[in-house]
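A short write-up of the structure that comes next.
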Amino acid sequence: MPGVERYSRQLLFRPLGPEGQKRLAAGGALIVGCGALGSHVADLLARSGVGELRLVDRDFVEESNLHRQSLFRESDAARGLPKAIAAADHLREVNSEIGIEGLVEQVDADNIERLAQGMTVIVDGTDNFDTRFLINDLALRNGLPWIYGACVGAYGLSATIVPGRSPCLRCLLDSHSAAAGADTCDTAGVIPPVPALIASIQATEAIKILSGSIEAVSGDLLAVDLWDNSIQRFALDRDSLAPNCPACRGGVYDYLEGEKGTRSIVLCGRNAVQIQAKRADRIDLQTLATRLEAHGDVVRNNFLLRVSFEGITLAVFNDGRAIISGTSDAVRARTIYDRYVGS
Ligand SMILES: [Zn+2]
């Protein structure tokens, strides 16, 4: 068996053993997002010997990523390398015996099916709920387990969603509006140990699934606050949570069918991109303005707020629509929207 030496300490771990290791080598993980969570997860799964890793990310490495996104180096930021490419390159030096793909794409309803092709599990390394609900829809439809993760400040969350056994993300959050206006790492900050911890939990859950120990997977939503020293578990009982969930009970996959979620349109001749967000509620511009004040002078009236930073001007309307001027790059504009407005 190849890799006996490399995986010797893992082979000694009884719940895995040689049989579990073989299954890991035969399995594949799609990691959506290569930020703090995704890069830690990718590193752990590459070292563990997962046979195929597919890393997808739309963003490039910046200096402000380096304090928590463990796979990246100053030289990646200086070169402005796409995260998926830099991550895949570094991981090939960590483990040349596995398949590693780095794809620079915005995950959406049109490509997620292809991206998940042949994969055994999906790990959430995203920073926005549109993409998470899309993953949720695809996972339910294709019967694929997926592992939700999120961090902000000193606080982190994780839950493993096994279709047919667990409640789904829409059961947990009920509707898109529950997530709207939530703080993100780009508005409220994050300390590096939090994503390292949450990613470790996600990677362990993935290893359980990939090695054939799905019965060992957590049935709880885990919430950890490392600053307040609190760890909470909420039992995820499928029958008591959202018995009328449209996705996991009704088989209606709004995000996969492209009926919900955020769309971006490049505004011709204006060096600007419009982001059209379909959201259930109005944005609280006052709250958003307070969060954005750290990045630039915010001008606000009853209809919109405007702020300039990083060479762009972001204008957000109270129905969630935004115009980002100073770029005609739809992917960059969408990234800025998710970071600073949230979805
Ligand atoms: Zn559900």
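Within the range 79-87, can one find any residue that is surrounded by fewer than 23 Cβ atoms within 10 Å (Cβ to Cβ), hydrophobic (A, V, I, L, M, F, W, C), modelled with pLDDT under 90 and in contact with an Asp or Glu (Cβ under 6 Å, 6 or more places away or on another chain)?
Step one: filter the range 79-87 for residues surrounded by fewer than 23 Cβ atoms within 10 Å (Cβ to Cβ), giving 79-82, 85.
Within this subset, residues satisfying the condition of being hydrophobic (A, V, I, L, M, F, W, C) are 81, 85.
Checking which are modelled with pLDDT under 90 leaves us with 81.
When the remaining residues are screened for being in contact with an Asp or Glu (Cβ under 6 Å, 6 or more places away or on another chain), the result is none.
Looking for residues that are surrounded by fewer than 23 Cβ atoms within 10 Å (Cβ to Cβ), hydrophobic (A, V, I, L, M, F, W, C), modelled with pLDDT under 90 and in contact with an Asp or Glu (Cβ under 6 Å, 6 or more places away or on another chain), one finds none in the range 79-87, hence no.
Among residues that are in a strand (DSSP E or B), more than 16 Å from the ligand (Cβ to nearest atom) and modelled with pLDDT of 90 or more, A315 is not included. Only a single criterion out of (1) of a type in the set (A, V, I, L, M, F, W, C); (2) out of contact with any strand residue (DSSP E or B) (no Cβ under 8 Å at 6 or more places or on another chain); (3) outside any loop (DSSP other than H, G, I, E, B) is not satisfied by V4, namely (3).
When residues in the range 322-336 are screened for being surrounded by fewer than 17 Cβ atoms within 10 Å (Cβ to Cβ) and not small (G, A, S), 2 of them pass. Residue-level analysis places L172 outside the set of residues that are among the aliphatic types (A, V, I, L, M), within 14 Å of the ligand (Cβ to nearest atom) and modelled with pLDDT of 95 or more. In the range 95-153, the residue that is surrounded by the most Cβ atoms within 10 Å (Cβ to Cβ) out of those that are basic (K, R) and within 30 Å of K22 (Cβ to Cβ) is R141.
Scanning the range 220-236 for residues that are loosely packed, with under 11 Cβ neighbours inside 10 Å and within 16 Å of the ligand (Cβ to nearest atom) gives a single hit, A235. Look at the range 226-254: where a residue is without any contact (Cβ under 8 Å) to a residue 40 or more places away in the chain and under 10 Å from C171 (Cα atoms) and a partner is of a type outside the set (D, E, K, R) and within 11 Å of the ligand (Cβ to nearest atom), sitting 6+ places away or on another chain with Cβ atoms under 8 Å, you get N244/G250; R249/A242; R249/P243.
Does V4 fit the bill of being surrounded by fewer than 18 Cβ atoms within 10 Å (Cβ to Cβ), more than 13 Å from I207 (Cβ to Cβ) and either modelled with pLDDT of 95 or more or more than 22 Å from the chain's Cα centre (by Cα) (or both)? So V4 fits the description; yes.
Taken over the range 222-258, the residue count meeting the criterion of being under 19 Å from P193 (Cα atoms) and either in a strand (DSSP E or B) or under 22 Å from the mean Cα position of the chain (by Cα) (or both) is 8. Taken over the range 29-69, the residue count meeting the criterion of being without any contact (Cβ under 8 Å) to a residue 12 or more places away in the chain and farther than 13 Å from L81 by Cβ is 1.
The values are calculated or read from the model by the stated rules, or taken from the named source; none is laboratory data. Computed from a prediction, not measured in an experiment: that's the story for all the values here. Neighbour counts run over all protein chains shown; Cβ positions are idealised from the backbone, glycine included.
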